[in-house]
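Some notes on the structure that comes next.
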Amino acid sequence: METRLVGTPAGCGQHLRLRPEAGGSGFLPGDFLPGVNMPALDAPEERLRKFKYWGKDASVRRQQRVAASLELRKAKKDEQSLKRRNIGPLSSDVASEVPATRVSLTLDEIIKGVNSLDPTLCFLATQAARKMLSQERNPPLKVMVEAGLIPRLVELLKPPVPPHLQFEAAWALTNIASGTSEQTRAVVEGGAIPPLTELLSSPHATVCEQAVWALGNIAGDGPEFRDLVISGGAIPHLLALLSSAIPITFLRNVTWTLSNLCRNKNPYPSQAAVRQVLPALTHLLCHHDSEVLSDTCWALSYLTDGHNERIGQVVDTGVLPRLVELMAGSELSVLSPALRTVGNIVTGTDQQTQKALDAGMLQALPQLLRHPKSSVQKEATWALSNVAAGPPHHIQQLIASDILPALVALLKSAEFKVQKEAVWTVANFTTGASVEQLFQLVHAGVLGPLMDLLTVPDVRIVVIILDVVACVLQAAEKVREKASLCLLLEELGGVDRIEALQLHENRQISRSALSIIEKHFSEEEEEAISFSLWSPECSCVRIFENPPRCEAPRPGRRL
């Protein structure tokens with residue numbers, strides 16, 4: 001069976017799901033036992049990246065959270081959205097009441113039949129509408145909305161309408177709500193949320209599950225409708241379903257809907273709603289099913305995508321060790337949102353970052369930096385860059401985890417989107433490390449690939465690299481290691497590249513390059529370097545005690 005995903009509002013990603021056709025053009029006994037394919041959590045193909053900008057101290061860096069690039073801070077979830085969920089045998093209590101008649105109705109007949117007082121004709125017309133809305137290509141969502149069917153479908157959700165008719169009406173509304181925001185709004189303004197919420201308590205599993213799905217599509221459209229679903233009292237009903245013995249496909253739907261209730265941050269879900277949902281998410285994080293785990297991790301990623309207080313709510317549940325465990329797994333649909341959540345957490349305070357480190361985050365990162373998918377490499381490098389933005393003892397833990405070789409490898413040969421994250425990591429590391437830590441980075445081989453990247457057309461990256469070079473030279477000068485460092489940069493071809501950048505059309509680049517040449521590679525400087533290289537006091541390798549730190553402004557944590 002095929003599943004059609006439709007109506008993704010700009011910036012929201014694929015968070016709405018279309019109920020697929022169960023098969024056949026008519027309805028027979030047993031049609032409530034279909035092999036229906038449901039996609040997994042539909043999510044944005046990529047999500048907004050988080051930047052941490054230049055700040056003068058740690059507290060400022062933690063507060064400067066600005067979303068600055070659509071390209072760099074997005075998450076690939078296309079693998080998830082292409083999965084299909086198979087709803088197993090559903091309850092037969094509804095199917096036993098269904099007329100066993102095959103019909104083929106035109107659109108006009110459907111419209112008339114749905115509004116008919118004849119229960120059999122009303123059912124057949126509603127089912128025919130649902131089948132039209134379930135077709136793979138070009139379902140007539142707009143036509144059904146403009147025909148004025150939504151108010152009638154909403155009425156069919158309410159008692160004493162028989163459950164098989166409630167099911168078909170809920171299914172049709174689910175598919176309309178999977179369309180554009182305008183079509184979802186039509187469902188909401190048609191009054192669907194209250195009766196759908198009531199159906200969460202239906203004794204008929206098929207009806208209840210379809211109501212879960214419909215509310216998930218409504219909540220996924222954006223914060224306005226999400227909050228209407230929450231204020232309508234859906235969360236307690238959903239949590240009650242989690243505590244009951246429901247099939248795995250049903251559980252996946254409930255988890256997905258809870259995930260959409262955690263989604264969006266303009267505004268965030270209410271604190272009360274988050275407090276209600278977090279214990280359930282903590283419990284679901286221990287489930288064995290990959291789709292349940294994936295949607296749970298995405299829910300936690302939404303809840304940690306924000307201020308330190310939001311991050312703290314999740315960290316305080318104690319989920320970090322489990323998230324790190326999932327981050328180190330092989331299931332891409334699980335490790336991606338687990339990595340995203342841990343990456344969000346290390347954008348927080350030093351204490352929150354330390355808890356992630358204590359949970360083993362750095363031990364899981366090397367294999368992710370070497371992951372065959374560049375999207376995972378980029379996400380892992382972004383998380384690493386935020387650890388590198390921390391205090392020296394965090395940087396020391398980074399060094400001790402033997403991550404630097406993998407970082408240098410990414411700088412050398414990864415896709416450019418990953419290289420950019422690696423440059424940010426080096427920048428954060430360079431401007432926050434002690435000089436001893438800084439020279440460990442240099443000895444790991446970071447300068448060679450950085451010099452090669454000075455030729456890229458990305459102005460921001462070139463500026464950052466020049467800042468790194470200036471910072472390293474400044475630190476080396478303080479400990480009388482500038483001569484050997486200048487020689488290394490010349491051997492790597494860096495001096496020639498920096499000299500060429502003095503003529504760059506971008507004024508910031510040209511000024512930075514000129515400053516480096518004048519301060520460290522002028523004729524006077526070259527004479528001093530030559531003397532120092534011949535001086536018996538010069539040592540190319542030193543162990544520094546209480547070394548000074550670079551005084552350049554720090555990039556800081558990036559949201």
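The values are calculated or read from the model by the stated rules, or taken from the named source; none is laboratory data. All values derive from a computational prediction rather than experimental measurement. Quick reminder, even Gly has a Cβ in these numbers, built from the backbone with ideal geometry, and neighbours come from all protein chains shown. To get the accessible areas, we keep the full protein, side chains included, count just its heavy atoms, and leave off ligands, DNA and RNA. Shrake-Rupley method; radii C 1.70, N 1.55, O 1.52, S 1.80 Å.
Of the helices (runs of 4 or more DSSP H) lying entirely inside segment 236-318, those containing at least 3 residues that are surrounded by 15 or more Cβ atoms within 10 Å (Cβ to Cβ) and among the β-branched types (Val, Ile, Thr) span 248-262, 271-284, 308-315. Of the helices (runs of 4 or more DSSP H) lying entirely inside segment 332-414, the ones with 1 or more residues being open to solvent by 10 Å² or more (accessible area, probe 1.4 Å) and in contact with a strand residue (DSSP E or B) (Cβ under 6 Å, 6 or more places away or on another chain) are found at 392-400.
Residue pairs whose Cβ atoms lie under 7 Å apart, sitting 6 or more positions apart in sequence or on different chains, and linking a residue in segment 219-237 that is farther than 16 Å from residue 195 by Cα to a partner that is polar (S, T, N, Q) and open to solvent by 50 Å² or more (accessible area, probe 1.4 Å), are 223/266. Residues that are within 31 Å of the chain's Cα centre (by Cα) and hydroxyl-bearing (Ser, Thr, Tyr) number at least 2 in the following helices (runs of 4 or more DSSP H) confined to segment 164-222: 181-189. Taken together, the residues in segment 407-418 that are under 23 Å from the mean Cα position of the chain (by Cα) and in contact (Cβ under 8 Å) with a residue 40 or more places away in the chain amount to 6.
Only one residue in 500, 427, 470 is part of a helix (DSSP H, G or I), surrounded by fewer than 19 Cβ atoms within 10 Å (Cβ to Cβ) and of a type in the set (A, V, I, L, M, F, W, C), so which one is that? Even if it seems obvious, please write down each step before you answer.
Working: 427 fails: surrounded by fewer than 19 Cβ atoms within 10 Å (Cβ to Cβ); 470 fails: surrounded by fewer than 19 Cβ atoms within 10 Å (Cβ to Cβ).
Result of the check over 500, 427, 470: 500.
For first residues located in segment 433-447 and among the small types (Gly, Ala, Ser) and open to solvent by less than 10 Å² (accessible area, probe 1.4 Å), partners that are at pLDDT 95 or above and part of a loop (DSSP other than H, G, I, E, B) and lie 6+ apart or on another chain with Cβ distances below 6 Å do not occur.
Quick one: would you say residue 350 is closer than 17 Å to residue 397 by Cβ and in contact (Cβ under 8 Å) with a residue 60 or more places away in the chain? When the stated conditions are applied, residue 350 passes them.
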